[in-house]
1. Quick one: D58 ticks every box in (1) surrounded by 13 or more Cβ atoms within 10 Å (Cβ to Cβ); (2) within 15 Å of L6 (Cα to Cα) bar one, so which box is it?
2. Do any residues in the range 62-77 that are open to solvent by 100 Å² or more (accessible area, probe 1.4 Å) have Cβ atoms under 7 Å from those of residues that are modelled with pLDDT of 90 or more, where the two are at least six apart or on different chains, and which pairs are they?
3. So E51 fits all but one of (1) at pLDDT 90 or above; (2) open to solvent by less than 60 Å² (accessible area, probe 1.4 Å); what number is the exception?
4. Any residue that is assigned to a loop (DSSP other than H, G, I, E, B), touching a residue at least 24 places away in the same chain (Cβ under 8 Å) and surrounded by 14 or more Cβ atoms within 10 Å (Cβ to Cβ) - is there at least one of those in the range 6-15?
5. Does I43 satisfy the criteria of being open to solvent by less than 80 Å² (accessible area, probe 1.4 Å), among the β-branched types (V, I, T) and more than 14 Å from I72 (Cβ to Cβ)?
Amino acid sequence: MKTRDLLEEIKENIKDFDIAPFEERARDENTDQTSRLHANFHIQNYNEIMELNIDENDESNIEIDEKLVNDIKDELGRFFEGCPLKVKKNLKDS
């Protein structure tokens with residue numbers, strides 16, 4: 001699988017992830033600092049993934065070993081733990 005294809009698959013699987021609760025937690029002055037930092041971390045990573053683009057002819061559009069692809073999907077599943085079951089299921093089944 002090419003990196004561009006993997007990125008598009010990841011974006012498709014997380015596009016409906018609701019980050020509003022994280023945004024609320026990040027702004028809430030009554031939330032402890034660790035939880036606010038954690039929320040900001042999730043927001044930043046989500047936005048970075050959604051904004052990233054890899055052109056078909058980009059030198060970073062390399063072939064990725066299938067085992068590595070599955071490892072990445074497992075890591076993403078753990079990273080987005082707590083997101084809707086549909087998203088987690090899609091990451092594991094694709």
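1. (1)
2. E63/K2
3. (2)
4. no
5. Spelling it out, I43 is indeed open to solvent by less than 80 Å² (accessible area, probe 1.4 Å), among the β-branched types (V, I, T) and more than 14 Å from I72 (Cβ to Cβ).
The values are calculated or read from the model by the stated rules, or taken from the named source; none is laboratory data. None of the values given here were measured: they were computed from a predicted structure. Every residue, glycine as well, gets a Cβ built from its backbone with ideal geometry; the counts of neighbours run over all protein chains shown. Please note that ligands, DNA and RNA were not included when accessible areas were found on the heavy atoms of the full protein model with its side chains. Shrake-Rupley method; radii C 1.70, N 1.55, O 1.52, S 1.80 Å.
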